[in-house]
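Structure first, then comments.
The values are calculated or read from the model by the stated rules, or taken from the named source; none is laboratory data. In this text the structure is predicted, and so the values were computed from the model without any measurement. As a convention, Cβ positions derive from the backbone with ideal geometry for all residues, glycine included, and neighbour counts pool all protein chains shown. To get the accessible areas, we keep the full protein, side chains included, count just its heavy atoms, and leave off ligands, DNA and RNA. Shrake-Rupley method; radii C 1.70, N 1.55, O 1.52, S 1.80 Å.
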Amino acid sequence: MLEMREATPEERERYYKNEWSSKDLPDYILHTLSLREFGFDHKGTGPSDRYNQFMTPDELSDYLRNKYPYAVYSSVALYEKPSERKKWLKSELAFDIDAKDLPFRRCECSEGEVCEVCLEDAKRVTAEFGETLKNNLDLENVSYIYSGRGFHIRVSDDSVMEMGQTGRSQVVEYITGNVVPTDLTLSLGYSKVFRKRTLRTFENLRERDFIDEGLQRNFAEKIMKEKNRVMDLIKKGRLEKIQDFEGIGTTYFKKLLEFLTRLNTEHTDGKVTIDKKRILRVPSSLHSTVSRTCTEIQNIDKFSPDEAAPNFLTE
Ligand SMILES: [Zn+2]
């Protein structure tokens, strides 16, 4: 993978003046540009310049070419008055899957860092969430975006745009597998989503994760020794049989289930999805911390972050 490093102000200027074009904005932003709030981060300290509105793509282009900000954000919401963040009309449903915040990382990245390995894992989680949104919830306008240190999913179907916080939080629970279904064995629907998510979470668990969680070492050892049997039971939806294992019992089974469902939700930042007024990095803008462009992805399975390298990094 190409180097990830901070872009200089000169490189930012070069990017917006020579490489970026408003045509690179995805249609769902281009067509609703004047209804969105824009936020800017000028110094790399966070998007503190908020409440900006642009009436046309050219107006935005002029601004970016003159200011070449450190980062560019826009609201998932459409407003009648975006410059006041008032008269909310509707919002996309968005998911934020950050490689640096995944509950398990197979790599040696330190806090805040990302690498090929954890980005690949975040990509896989993103693809799984997207599949569930499309196949189980029948959503059609599902876009994947590489955001620099992770991925976004943005859904713009009419059926979700007007959803309130409660609806959005239910979607998060469904997609991540946060609730234990009443019937775990159903071959389709949420029951299947839950088994898949829980299986992935359990597969990645190590003994020390149990201990970090405050669960006893001998319990962790027992579960890990029976790893294959537990995985088989999760696949079959027969999780309750785990409490019959010698030395496990109901109390530990409940703790295990709570632990697994909580880890399931930690694959995405649920606060982002629930927040109808959230701003997200604008696709096509530059992520100056890692020198990558925030990129709309056509084929998620084949995507590599190197495809999002700006010219100043590759030339
Ligand atoms: Zn990593």
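Evaluate the stretch 118-199: find the radius of gyration of its Cα atoms, find its Kirkwood radius, and give the ratio Rg to Rh. Walk me through the numbers before you get to the answer.
Details: Rg = 13.2 Å, Rh = 13.6 Å.
Taking Rh as the inverse mean 1/r over Cα pairs, Rg/Rh reads 0.97.
Mind checking which of K192, K276, K241 has the largest fluctuation in a GNM of the chain, springs on alpha carbons under 10 Å?
Taking springs between Cα atoms under 10 Å, the residue moving most is K241.
Give the relative contact order (percent, whole number) for the stretch 1-81; include only Cα pairs under 8 Å separated by 6+ residues.
That works out to 36 percent.
How large is the convex hull of the Cα atoms of the stretch 227-315 per residue, expressed in Å³ as a whole number?
Values: hull volume 17.3 nm³, N = 89.
In the stretch 227-315, the Cα hull volume divided by residue count equals 194 Å³.
Any idea how far apart E258 and N228 come out in nm if each label point goes 7 Å out from Cα toward Cβ?
The modelled label-to-label distance comes out at 3.2 nm.
Report the normalised scattering of the stretch 1-145 as log10 I(q)/I(0) at q = 0.15 Å⁻¹, calculated by the Debye formula with identical scatterers on the alpha carbons.
-1.01
What does the extension gain come out to for E120 and R206, with contour length at 0.36 nm per residue minus their alpha carbon separation? Display every interim value, and only then the final one.
Details: separation 86, 0.36 × 86 = 30.96 nm, distance 1.98 nm.
Contour length minus the Cα-Cα distance gives 29.0 nm.
Quick one: of K17/K134; K255/K277; K192/K225; K87/K196, which pairs are farther than 32 Å apart, Cα to Cα?
On the way: K17/K134 37 Å; K255/K277 35 Å; K192/K225 25 Å; K87/K196 40 Å.
Checking Cα-Cα distances, K17/K134; K255/K277; K87/K196 exceed 32 Å.
Give me the extension gain from E19 to D62: residue separation times 0.36 nm, minus the current Cα-Cα distance, reported in nm with one decimal.
Details: separation 43, 0.36 × 43 = 15.48 nm, distance 1.37 nm.
Stretched fully, the E19-D62 segment lengthens by 14.1 nm.
Largest first, what is the accessible-area ranking of C115, C294 with a 1.4 Å probe?
Values: C115 35, C294 0 Å².
Output order, biggest surface exposure first: C115, C294.
Which residues does the label zone of T251 cover in the stretch 189-229, counting backbone N under 14 Å from a point 7 Å along Cα→Cβ?
215-219
Cα gyration tensor of the stretch 69-154, axes a ≥ b ≥ c as square roots of the eigenvalues: rounded (a/c below 1.5), prolate (a/b > b/c) or oblate? The partial results should precede the final answer.
Working: a/c = 3.24, a/b = 1.45, b/c = 2.24.
Oblate shape, in that a/c is at least 1.5 and b/c is the bigger or equal ratio.
Pull up all non-local amide H partners of S284: gap of 5 or more, or a different chain, and H-to-H distance under 5 Å with H placed in the peptide plane.
C294, T295, E296
Distance from the Cα centre of the stretch 121-167 to that of the stretch 53-103, in angstrom?
Each part's Cα centre sits 17 Å from the other's.
Where Lys and Arg each count +1 and Asp and Glu each count -1, what net charge lies around L137 among other residues with Cβ under 14 Å from its Cβ? Let's see the in-between values first.
Values: positive: K134, R168, K192; negative: E128, E131, D138, E140, D157, D158, E173.
Taking every Cβ under 14 Å from that of L137, the sum is -4.
Dipole of the stretch 111-247, Cα-centred, from +1 at each Lys and Arg C-beta and -1 at each Asp and Glu C-beta, to the nearest 20 debye?
Working: 22 positive and 25 negative charges, 94 e Å.
For this selection, approximately 460 debye.
If r is the Cβ-Cβ distance from E221 to T185 and R0 is 22 Å, what FRET efficiency results, to the nearest 0.05? All intermediate terms of the calculation are to be shown ahead of the outcome.
On the way: r = 29 Å, r/R0 = 1.30.
The pair E221/T185 has a calculated efficiency of 0.15.
Calculate what fraction, in whole %, of the accessible area of the chain sits on carbon and sulfur atoms when a 1.4 Å probe is rolled over the protein chains. Numbers along the way, then the final one.
Numbers: 6670 of 15220 Å².
Looking at the chain in its full context, I get 44 percent from C and S.
Compute the length gained on full extension between S110 and S83: take 0.36 nm times their separation in residues and subtract their Cα-Cα distance, giving the result in nm to one decimal. All intermediate terms of the calculation are to be shown ahead of the outcome.
On the way: separation 27, 0.36 × 27 = 9.72 nm, distance 3.80 nm.
Working it through step by step, the gained length comes to 5.9 nm.
Two-decimal Rg/Rh of the stretch 189-265 from alpha-carbon positions, Kirkwood Rh?
Values: Rg = 11.5 Å, Rh = 12.4 Å.
Looking at the stretch 189-265, the ratio lands at 0.93.
Contact order normalised by length for the chain, with contacts defined as Cα pairs under 8 Å and 6 or more residues apart; what percent is it? Working shown, then result.
Numbers: 533 pairs, mean separation 80.1, N = 315.
Reported relative contact order: 25 percent.
Per DSSP H run of at least 4 residues, take -39500 (n - 2.57); add these up for the chain, divide by its residues and hand me the 222 nm value, nearest 500 deg cm²/dmol.
Working: 13 runs with 124 residues, N = 315.
So the calculated ellipticity at 222 nm is -11500 deg cm²/dmol.
Quick one: divide the alpha-carbon radius of gyration of the chain by 2.2 N^0.38 Å and tell me what you get. Mind showing how you got there, number by number?
On the way: Rg = 21.5 Å, N = 315, 2.2 N^0.38 = 19.6 Å.
Expressed relative to 2.2 N^0.38 Å, the Cα Rg reads 1.10.
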